[in-house]
Amino acid sequence: MRSLPYFCRGEVVHGFGRGSKELGIPTANFPESVVDSLPADINTGIYYGWARVDNGDIHKMVMSIGWNPYYKNTKKSMETHVIHTFKEDFYGQILSVAMVGYIRPERGFKSLDELIAAIHSDIEEAKRKLDLPEHLKLKEDNFFKTPVSTTTRSDKIMNGH
Ligand code: ADP
Ligand code: MG
């Protein structure tokens with residue numbers, strides 16, 4: 001995928017209430033505008049990278065890009081699980097992400113346990129891969145140095161690469 005690494009940011013919106021949080025794996029959803037701006041060569045599936053909420057610390061993340069059931073699977077959704085324990089939810093805040101690499105395509109699971117196990121293995125792979133020097137250096141990218149301001153908030157979206 002030639003578009004990687006891909007940087008984008010947007011406001012965290014409510015998802016489809018699939019109960020990701022109940023599974024212990026909350027996923028922060030991006031608005032449609034951010035999803036619509038994805039380059040054409042970004043396939044659906046699981047990605048790893050870096051994430052930051054507003055002007056907070058930069059954490060490792062895993063992201064799922066999939067088909068959005070609300071739009072009869074004609075539109076994509078982007079859901080980010082930040083590998084960090086937050087004290088509070090962060091709906092309405094600005095999530096900045098650097099998508100760094102691809103883990104696997106979307107797939108079906110026979111049971112909830114199988115799905116949870118797959119996500120945990122994705123998280124382990126993300127943690128390992130992001131420790132490689134070429135990926136660690138993306139944490140230092142200027143993209144994460146730009147403070148998220150009132151301007152960014154009112155724009156709601158800023159895609160770049
Ligand atoms: P929704 O269907 O609204 O996306 P989820 O159960 O997936 O609900 O929970 C997602 C919300 O949980 C995020 O929007 C965010 O506010 C909060 N949250 C708390 N911790 C995390 C985390 N580590 N990663 C992602 N979201 C988190
Ligand atoms: Mg979610």
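The values are calculated or read from the model by the stated rules, or taken from the named source; none is laboratory data. Predicted, not measured: the structure shown is a model, and the values here were computed from it. Cβ coordinates were reconstructed from backbone atoms using ideal geometry, including for glycine residues, and neighbour counts include every protein chain displayed. Calculation scope for accessible area: heavy atoms of the full protein, side chains included, ligands and nucleic acids excluded. Shrake-Rupley method; radii C 1.70, N 1.55, O 1.52, S 1.80 Å.
Do we have any residue at all in the range 1-17 that's within 18 Å of His120 (Cα to Cα) and either touching a strand residue (DSSP E or B) at 6+ places or on another chain (Cβ under 9 Å) or modelled with pLDDT of 95 or more (or both)? Lay out the reasoning, then the answer.
The initial filter retains those residues of the range 1-17 that are within 18 Å of His120 (Cα to Cα), namely none.
No - not one qualifying residue is present in the range 1-17.
Can you pull out every residue in the range 90-119 that is within 16 Å of ligand 1 (Cβ to nearest atom) and surrounded by 12 or more Cβ atoms within 10 Å (Cβ to Cβ)?
First, the residues of the range 90-119 that are within 16 Å of ligand 1 (Cβ to nearest atom): 90-99, 112, 115-116, 119.
Correct list: Phe90, Tyr91, Gln93, Ile94, Leu95, Ser96, Val97, Ala98, Met99, Leu115, Ile116, Ile119.
Scanning the range 123-142 for residues that are more than 15 Å from His59 (Cβ to Cβ) and touching a residue at least 40 places away in the same chain (Cβ under 8 Å) turns up just one, Glu125. For the range 1-32, the set of residues classified as assigned to a loop (DSSP other than H, G, I, E, B), more than 8 Å from ligand 2 (Cβ to nearest atom) and charged (D, E, K, R) consists of Arg2 only. If you go through the range 44-82 and keep only what is open to solvent by 10 Å² or more (accessible area, probe 1.4 Å), over 16 Å from Arg9 (Cβ atoms), more than 15 Å from ligand 2 (Cβ to nearest atom) and under 14 Å from the mean Cα position of the chain (by Cα), you end up with Thr44, Tyr48, Lys60.
Please specify each residue of the range 83-100 satisfying the condition of being among the polar types (S, T, N, Q) and over 12 Å from the mean Cα position of the chain (by Cα).
Step one: list which residues in the range 83-100 are among the polar types (S, T, N, Q), which gives 85, 93, 96.
Selection gives Thr85, Gln93.
Only residues that are out of contact with any strand residue (DSSP E or B) (no Cβ under 9 Å at 6 or more places or on another chain) and aliphatic (A, V, I, L, M) were counted across the range 18-31, and they come to 1.
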